[in-house]
Structure formats: C-alpha cells, structure tokens
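Take a look at the structure below.
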C-alpha cells in the first residue's frame, strides 16, 4: 500500500517542483520572515492533505460528487495554474533577492500563504483527487483493522510529501545560488510544462472513468 500510494501521489503533488515555484515567491525575505511563511505553508499543507483524507467520504457524499468528477475538475484547474506559471515571468524561482524586505511585499505574501502558495501550488486539486482515490481503495469491507492501517499509510505518505517540500523550501536559497537566474528560470518553465501534462493526464483519466472508455 505504501509503494502504490507514494507512486500515485508523488508525481501529482510534485513537492520538488512545488518547492522550486514557491521559492520564487519567497525571494527577498529575510531568514525569520522566510521561516514564518514556510511554517504556515507546511501547516496548511497538512491541514488540506490530512483533512481531505479524514473527511473525504463526507465531502463527496455531501456534494454528491464522484472521484472521476473530482479528477476532471482538479485536472482542469492544474492545467490553468500551469499555464499561468508558463506565462508569468515575475514569479521566477531565480529572481534576484532584494536587500531590504519591503513591508508591503511581506503583507501581500502573508495574504497569499494559503492561496495560491499552499493551494493549488503546493497541494492542489490533483493531489486531493488522488487522496480521494487512494481513500476509496483503502477501505476494506468487514476488516476495520486493515482499513485503519491503509489510512495510516496514506497519512504517512502525505506527511512524507510535506517533509520533501520542506527540504526544498528550506534549501531554496542555496539551490538558487548554485543554479543561477537562467538555470532557475529554465527549471521553472520545465516544471510548469510537466505540471500542465500531469493536469491533462488527470483529465484524461477522469474522462475515461466518466464515459467508461476502454481506449481514448
């Protein structure tokens, strides 16, 4: 269950790519401000990820949604976000840090901690749809112990994604210095493109399930 959960969530959550992109927003912050923002992002990440796992069934039932529909909506939103990353040159990971932190910049950044830094950049609808899918496969009828173990494994994988994201956020300045502005920009654009492709893949999988297609 651990391997399948990790392999399903990692390419969609993409903590490596998300770490690169979020670091672009954090350029210019001093060390204390950076730690504060990163801590808020990680807390929000766990709340969204573990919260989706805990109340996923209730949310789906409440709104009458199915996992394929979640995949369709999540995939479309991922594509939209990736296109914005591809066209946005101001949020470059390798943008030159400011020597003095602008208070207005810090205030604006704090208002963006949840959206878009946590959702949908760090953990987006694609990740949530994967968590819902894993959650559905984790339930073992008549065996609550097995179900509890499966849920615990999925929760561990979510925490592991968060730890990987933390590593790249905490090591962001060092990576910037090694890559340089041009290298960072190239990586950003490549990540944005592959994120767009992931969104398309999720949409295709949703279409296959909704329309019961054997081949698309």
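The values are calculated or read from the model by the stated rules, or taken from the named source; none is laboratory data. Since the structure is predicted, the reported quantities are computational estimates derived from the model, not experimental observations. All Cβ positions, glycine included, derive from the backbone under ideal geometry; neighbour counts span all protein chains shown.
Residues 193, 119, 132, 114: which one is farther than 21 Å from residue 48 by Cβ, touching a helix residue (DSSP H, G or I) at 6+ places or on another chain (Cβ under 7 Å) and touching a residue at least 12 places away in the same chain (Cβ under 8 Å)? Spell out the reasoning first.
Numbers: 119 fails: farther than 21 Å from residue 48 by Cβ; 132 fails: farther than 21 Å from residue 48 by Cβ; 114 fails: farther than 21 Å from residue 48 by Cβ.
Every option except 193 fails the conditions.
So how many residues does the stretch 16-33 have that are farther than 18 Å from residue 201 by Cβ, assigned to a helix (DSSP H, G or I) and in contact (Cβ under 8 Å) with a residue 24 or more places away in the chain? Reasoning before the result, please.
Going through the stretch 16-33, the residues farther than 18 Å from residue 201 by Cβ turn out to be 19-33.
Add one more test, that the residue is assigned to a helix (DSSP H, G or I), and what stays is 19-26, 31-33.
Narrowing further to those that are in contact (Cβ under 8 Å) with a residue 24 or more places away in the chain: 19-26, 33.
Of the residues in the stretch 16-33, 9 are farther than 18 Å from residue 201 by Cβ, assigned to a helix (DSSP H, G or I) and in contact (Cβ under 8 Å) with a residue 24 or more places away in the chain.
Just checking, which of 165, 134, 160 is buried (at least 22 other Cβ atoms within 10 Å of the Cβ), within 23 Å of residue 198 (Cα to Cα) and either touching a strand residue (DSSP E or B) at 6+ places or on another chain (Cβ under 8 Å) or at pLDDT 90 or above (or both)?
Values: 134 fails: either touching a strand residue (DSSP E or B) at 6+ places or on another chain (Cβ under 8 Å) or at pLDDT 90 or above (or both); 160 fails: buried (at least 22 other Cβ atoms within 10 Å of the Cβ).
165 is the lone residue from the list that is buried (at least 22 other Cβ atoms within 10 Å of the Cβ), within 23 Å of residue 198 (Cα to Cα) and either touching a strand residue (DSSP E or B) at 6+ places or on another chain (Cβ under 8 Å) or at pLDDT 90 or above (or both).
How about the stretch 35-53: which of its residues are under 16 Å from residue 174 (Cα atoms) and in contact (Cβ under 8 Å) with a residue 24 or more places away in the chain?
Within the stretch 35-53, just 38 meets the criteria.
When you scan the stretch 65-88, do you find a residue that is over 18 Å from the mean Cα position of the chain (by Cα), modelled with pLDDT of 75 or more and within 13 Å of residue 26 (Cα to Cα), even just one?
no
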